[in-house]
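The structure under discussion appears below in the form of structure tokens.
FYI, it's all coordinate maths here, none of it is from the lab. It should be emphasised that the depicted structure is a prediction, and the values quoted were computed from it without experimental measurement. FYI the Cβ positions are ideal-geometry reconstructions off the backbone, even for glycines, and counts take in every protein chain you see.
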Amino acid sequence: MPGDTASTGHKADRLILHIGHQKTGTTTLQAALVAGRMQLAQQGIAQPETVQTTGNAIMLGHHLFGLAPFAINRQGWLNISDQDALDLAAQQWRDLEAQVEAIRARQIVISSEHFFQAFDAATFARASQILHSLAQAVVVVIYVRAPVSAMLSNLQESVKTPLNRVQRRDRDALQTIITAWAGAFPGAVQIHAFDKQTLVNRDIKADFFGRYLPEADLPTLPDGDLNTSMSAEAMAILHDIKAGRLDRRFDVVSFYERVRRDDNRVVAPTHPAWQDGVAQSINNWCAPDLIWLRDTHCITFPGIDYDALNPGSYDPDHILPARVEDVCLVDPARKARLWRRVRLREALPTPLRRWAAKW
């Protein structure tokens, strides 16, 4: 673990720690914060860069919470020793301290879905000490998403790279993690529903800035959600590749982009959606979380019939599907056409492959 945790310089009034959770617009929000970093700094708002592609959020996580919770994610993009990782993490925290001092920051924003975990009491205590060394007060912000849409988004995300794996969601995952954070930061945890019907302007950026930085002049923000979707057929192909059901003779790391490119050129894509009965099965599986959010935090999601929730009625294959076709509507003819196009193009020599990519 890093050594010194005390900052002797300027303290901000408040540190806003946004911890997700995953699939609640975190990528879009972080990109917006980075895009407006200089403008926000001029208004006394400091922030590290924590977009996923830089890995900086994992480095800050190492400094705040230690090595173990983030080691696998770090090793996926940065092959350095644990000690080098700790040294880099400490340096990035010093960089944030220097920024807070230089602009005499009034507020600090740190955003990372990697932090949405239940740490042990000692780890939480140390993180709290470090965070409070930079600010008088710490606010922990959590957005939660309805299980039906969150699990479909997770299924899409899981097929993008070899490192991503679909894991069965615990029935009380939100309750366990949020309760841990609430115990570590009493009275400081604020929870909001991530739903287009309830977000300010139906947008995570406008909602977050409206709630937590209302006095700030909004920077020029990227439009829309930066996480893009794919057809159900592309999802099924990528899932089959990862499961070994389809043969491949090319690099799986770049395969996602190749399938996505061809997916855009094959007509009549099927928008990813659950088959009949799957959504209710998922809601029943996640009923402990849904009921706890409603009864403890007055958070409900549009479209869920809470009176119809039955925690004992669910299909395990809906929670952790073996094939995309088991839970989503997939056009088998289009899937075959897409797969045939990908295979034929990959068999071409490189110059012809580039030419074929235009068609």
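Tabulated values for the structure
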| item | result |
| --- | --- |
| ARG260-ASP170 pseudo-label distance in nm [points 7 Å out on the Cα-to-Cβ vector] | 3.1 |
| Chain lengthening between GLU215 and ASP317 when straightened (0.36 nm per residue, less Cα-Cα) | 31.9 nm |
| Charge dipole (the chain, unit charges on Cβ, about Cα centre) - positive-most of ALA85, VAL159, TYR143 | VAL159 |
| Exceeding the 29 Å Cα-Cα cut-off - candidates LYS11/LYS196; LYS23/LYS335; LYS205/LYS335 | LYS11/LYS196; LYS205/LYS335 |
| Student exercise, the chain dipole from Lys, Arg, Asp, Glu Cβ charges, in Debye to nearest 20 | 1420 |
| Length released on extending from ALA188 to GLN275, taking residue separation times 0.36 nm less the Cα-Cα span | 27.4 nm |
| Span per principal axis, largest first, for the Cα atoms of the chain (Å) | 64, 57, 39 |
| Degrees separating the helix 252-263 axis from the principal Cα axis of the chain, which is the longest one | 60 |
| Whole-number percent relative contact order across the chain, with pairs defined as alpha carbons under 8 Å at least 6 apart | 21 |
| Distance (nanometres) between label positions extended 7 Å along Cα→Cβ at GLN22 and HIS10 | 3.7 |
| Rounded tilt (10° steps) of 56-65 against the dominant C-alpha axis of the chain | 50 |
| Relative counts (whole %) of C-alpha pair distances in segment 12-212, using bins that are 10 Å wide | 8, 35, 40, 16, 1 |
| Helix-only [θ]222 nm of the chain, DSSP H runs n ≥ 4, -39500 (n - 2.57) each, per residue, nearest 500 | -14000 deg cm²/dmol |
| Environment charge at SER281 (Cβ cut-off 12 Å; Lys +1, Arg +1, Asp -1, Glu -1) | -4 |
| Stokes-Einstein translational diffusion, segment 253-307 - Kirkwood Rh over all Cα pairs, 0.692 mPa s, 37 °C, in µm²/s | 227 |
| Convex hull projection area averaged over all views, segment 96-191, Cα basis, nm² | 8.0 |
| ³J(HN,Hα) computed for each position of segment 210-217 - Karplus, 6.51 cos²θ - 1.76 cosθ + 1.60, integer Hz, glycine/proline x | x, 7, 10, 9, x, 7, 7, 6 |
